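Quick notes on the structure that follows.
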Amino acid sequence: MTIKRNVSHYWLRSMALLTSAALLSCASHSSIKPFTTDGCSLFPDRSIISSKDWCGCCVVHDLAYWRGGTAEQRLSADRALQACVAQSTGDKALAELMFSGVRAGGGPHYFTTYRWGYGWPFGRQYKPLTSEETAEADALERQYRAVHPVLSCPNMSTQTR
């Protein structure tokens, strides 16, 4: 009888702790961190051989990835990156390589600083933003743009994710 009661007590306490953790986790999903960028993440920001520079394309792409949203929004952001790189460099092969890279390594299920929706706590996955989340993200983006009116690569020694 004592063993049964101890097991029941242990089970109830465990369930209460798990429920509390789940509720706290849900609450933490309602807040987005301020925008940060590391430029082109694990890819060069510009050519070391020529004057080609595509980092501004990456910063705009990072804004979309930071905000997150649906799978369709991610594909649109990745296509926009591809078009921007092709236009700014004239190099369609480079644009295709970068597109393939972000498609392969930028999903929300990766525990990385550059995943889709990286402004939100890990685990959000593909999910449209609510009107409140959109307003919060919009306000933080306006703050970032006020300080950084030209969306270019940050000084890597002072700003990382």
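The values are calculated or read from the model by the stated rules, or taken from the named source; none is laboratory data. What you are looking at is a predicted structure, and each value in this text was computed from that prediction instead of being measured. Here the Cβ positions follow ideal geometry from the backbone for every residue, glycine too, while neighbour counts run over all protein chains shown.
Yes/no per residue for (1) closer than 19 Å to K52 by Cα; (2) aromatic (F, W, Y):
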{"residue": "R67", "(1), (2)": "no, no"}
{"residue": "G90", "(1), (2)": "yes, no"}
{"residue": "R103", "(1), (2)": "no, no"}
{"residue": "T112", "(1), (2)": "no, no"}
{"residue": "Y126", "(1), (2)": "no, yes"}
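Of everything in the range 28-43 that is assigned to a loop (DSSP other than H, G, I, E, B) and modelled with pLDDT under 90, the residue that is farthest from M98 (Cα to Cα) is S30.
Residue pairs whose Cβ atoms lie under 7 Å apart, sitting 6 or more positions apart in sequence or on different chains, and linking a residue in the range 122-138 that is at pLDDT 95 or above to a partner that is of a type in the set (G, A, S) and assigned to a helix (DSSP H, G or I), are Y126/A71; L129/A137.
Just one of the listed residues (R79, R142) is of a type in the set (K, R), part of a helix (DSSP H, G or I), without any contact (Cβ under 8 Å) to a residue 12 or more places away in the chain and farther than 22 Å from S50 by Cβ, and it is R142.
Counting only residues that are of a type in the set (K, R) and farther than 10 Å from F35 by Cα, the range 51-68 holds 1 of them. Going through (1) of a type outside the set (D, E); (2) part of a loop (DSSP other than H, G, I, E, B); (3) in contact (Cβ under 8 Å) with a residue 24 or more places away in the chain one by one, H109 falls short only on (3). Restricting to the range 97-143, and then to whatever is within 12 Å of R74 (Cα to Cα) and charged (D, E, K, R), can you tell me which residue is surrounded by the most Cβ atoms within 10 Å (Cβ to Cβ)? Applying the filter and picking the extreme gives R115. Can you tell which of T134, T130, T89, T113 is closer than 18 Å to P34 by Cβ and more than 13 Å from the chain's Cα centre (by Cα)? Only one candidate qualifies: T134.
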